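One structure is given here, and the rest of the page talks about it.
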Amino acid sequence: MHDLRKKALLESGKTVSRKARARPDPPRSSGALSPGNGSPAVSRAGSRAPSTAGSRAGSRVPSEDEASDYEYDDAMTMSSANSVSGEDVYEDDTNNTWPERLQDRIAEMLDRKRSSAQGREATMKAYAHILKHHFALKYIEKNISEINAALIRSIRSGSSDQERLFALKALTATILTYPSETIFDHVWSVLKAACEDGEEDKIKVEAIHTISIAVALGGGSSSAAEEVLDFLLEIVESDGQNVGAPDNGSVVAASLQAWAFVASYMDDLSVQSDQAMEAFMEQLDSTDSDVQTGAGVNIALLFEAARDYEEETGESSDLQYNQHRIMTRMAEIVRDSSKTVSKSNRKQLKTNFQSIITSLERGLGPGYSTAGRGAANPHTGGSKLETSGGGEEGFVEFGYREKLRIYNQTLIIDTWSLHARVETLKTVLGGGLATQYIDNPAVREVLEGADVEYMAKTTKRR
């Protein structure tokens, strides 16, 4: 069975654009934070993120006047030795190193007979937290079969909703740490059942995220990915009804995000595009701003896929939708949102939709700012007038403003497929994203399409 991760990198298609393939490959670092000389540089890393109100935070794209610069640093990944959350440490082993704590948690997971439901909840919560904030491949690989079996058992027949929830989180972290060629086949039916039969909305949402990670990094084939896309689209079309969550915004929003993530690995979305576009257009009328944003992002992703298909093949796309009508509809939604959306959510919805509208108008990616400045600047010795991104002569647009900052690296998010991947990784890894990007090859591979700018270190003057 072909792994979608390898397929995306080895075959031509939506994942790597012609522009990206034309660039010479940059030298790979072995976990280093910056090039040897520490000077600013750019490298290309794969390319290609109506219901009632939910709780999920929506995808964030920058406004014309700001850069969306998600920052991660050491402070976001450190764990407190006296944490009261119980996620990372136990009171009796605060002096142990994280590998030692991890080995203890693994031993506890595998010794189910002598554990209680509450104990398993705490164990899997701590295990998942450690895996998110540390790259632990060498510590779990020798027991990977037993770990996966224990997690699947808890997902299928856990004694409490909390046990099933943390088992799902732990399985997601395990797959990201140890991407297996076969894990998707083992977990697909279990995860689908958890989504359909789980009583808690949080379990359904977590199962949806785990499904998307499993099919992309766990050995899912193209046909498996199509099956997952169909399943997620059914949730969107039914407003969550088909998984027992009618009109549930958080479940629908998670399905939209997961659909975009899986779709970012597909070579050709023409088979799914028409039905998907209809479903996403309908969700623009949702009363949940997160669902509206997710639907808009997926519409932009479909148009991006159509543009890439035409560029790659020279053939016209079959996507038969009027972009101008879609942009007009989004503008109407923003205008009318004052009646149904809170002030803070309304501002975010306006920002997100403006990014999507600009993308459709210009044929560009997310977060592109048409604001700018004159190219000539006598204060810096500038004399030559330049243009950028379709701007007028003598005017340089700010361009792509959506960025992900990790230590001294800044990833430029310039495609909707890359946006979908970043949003999913932020959802499942949280503050552990920085460590995973630096240390975990599988996570770096997910973001292989990003232009990376390296910031030179500056020395303070005394």
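What ranking, highest mean first, results for peptides 426-434, 202-210, 250-258 when packing means the other Cβ atoms within 10 Å averaged over each residue?
On the way: 426-434: 20.9, 202-210: 25.0, 250-258: 30.1.
Most protected by this proxy first, the peptides run 250-258, 202-210, 426-434.
Search the structure for amide H atoms under 5 Å from the amide H of Tyr400, placed 1.01 Å from N in the peptide plane, and list their residues when 5 or more places away or on another chain.
For Tyr400, whose amide H was placed from the backbone, the distant partners under 5 Å are Ser369.
Could you tell me the extents of the stretch 89-202's C-alpha atoms along the three principal axes, largest first, rounded to whole Å?
42, 31, 25
Which whole-Hz ³J(HN,Hα) couplings does the stretch 187-199 yield from phi under the Karplus relation 6.51 cos²θ - 1.76 cosθ + 1.60, θ = phi - 60°, glycine and proline marked x?
For the stretch 187-199, the Karplus-derived couplings read 10, 4, 5, 5, 5, 4, 5, 4, 5, 6, 9, x, 7 Hz, x marking Gly and Pro.
Could you tell me the ratio Rg/Rh of the stretch 176-310? Both radii from Cα atoms, Rh via Kirkwood. Don't skip to the end; give the middle numbers.
Numbers: Rg = 14.1 Å, Rh = 14.8 Å.
Result: Rg/Rh = 0.96.
What are the ³J(HN,Hα) couplings of the stretch 399-409, residue after residue, when phi is run through the Karplus curve with 6.51, -1.76, 1.60 and θ = phi - 60°? Round to Hz, x for glycine and proline.
Values, residue by residue: x, 6, 10, 8, 9, 10, 9, 10, 6, 9, 10 Hz.
Using the Kirkwood radius built from alpha carbon pairs, what does the Stokes-Einstein equation give as D for the stretch 155-238 at 20 °C and 1.002 mPa s, in µm² per second?
Numbers: Rh = 12.7 Å.
In µm²/s, the coefficient rounds to 168.
For the cross-link pairs Lys138/Lys426; Lys192/Lys403; Lys132/Lys403; Lys347/Lys426; Lys113/Lys169; Lys343/Lys403, which exceed 31 Å when the distance is taken from alpha carbon to alpha carbon?
Values: Lys138/Lys426 24 Å; Lys192/Lys403 33 Å; Lys132/Lys403 21 Å; Lys347/Lys426 21 Å; Lys113/Lys169 22 Å; Lys343/Lys403 25 Å.
Long pairs (Cα-Cα over 31 Å): Lys192/Lys403.
If you plug each phi of the stretch 153-159 into the Karplus form 6.51 cos²θ - 1.76 cosθ + 1.60 with θ = phi - 60°, what whole-Hz ³J(HN,Hα) values come out, in order, with x for Gly and Pro?
Those phi angles translate into 4, 5, 5, 6, 9, x, 6 Hz.
When only the heavy atoms of the protein chains count and the probe is 1.4 Å, how do Arg101, Arg401, Arg114, Arg156 rank by accessible area, highest first? Don't skip to the answer; put the middle values down first.
Working: Arg101 20, Arg401 50, Arg114 205, Arg156 155 Å².
From most exposed to least exposed: Arg114, Arg156, Arg401, Arg101.
The values are calculated or read from the model by the stated rules, or taken from the named source; none is laboratory data. Here the structure is a predicted model, which is why all the values come from computation and not from measurement. Virtual Cβ from ideal backbone geometry, glycine too; neighbours counted across all protein chains shown. Calculation scope for accessible area: heavy atoms of the full protein, side chains included, ligands and nucleic acids excluded. Shrake-Rupley method; radii C 1.70, N 1.55, O 1.52, S 1.80 Å.
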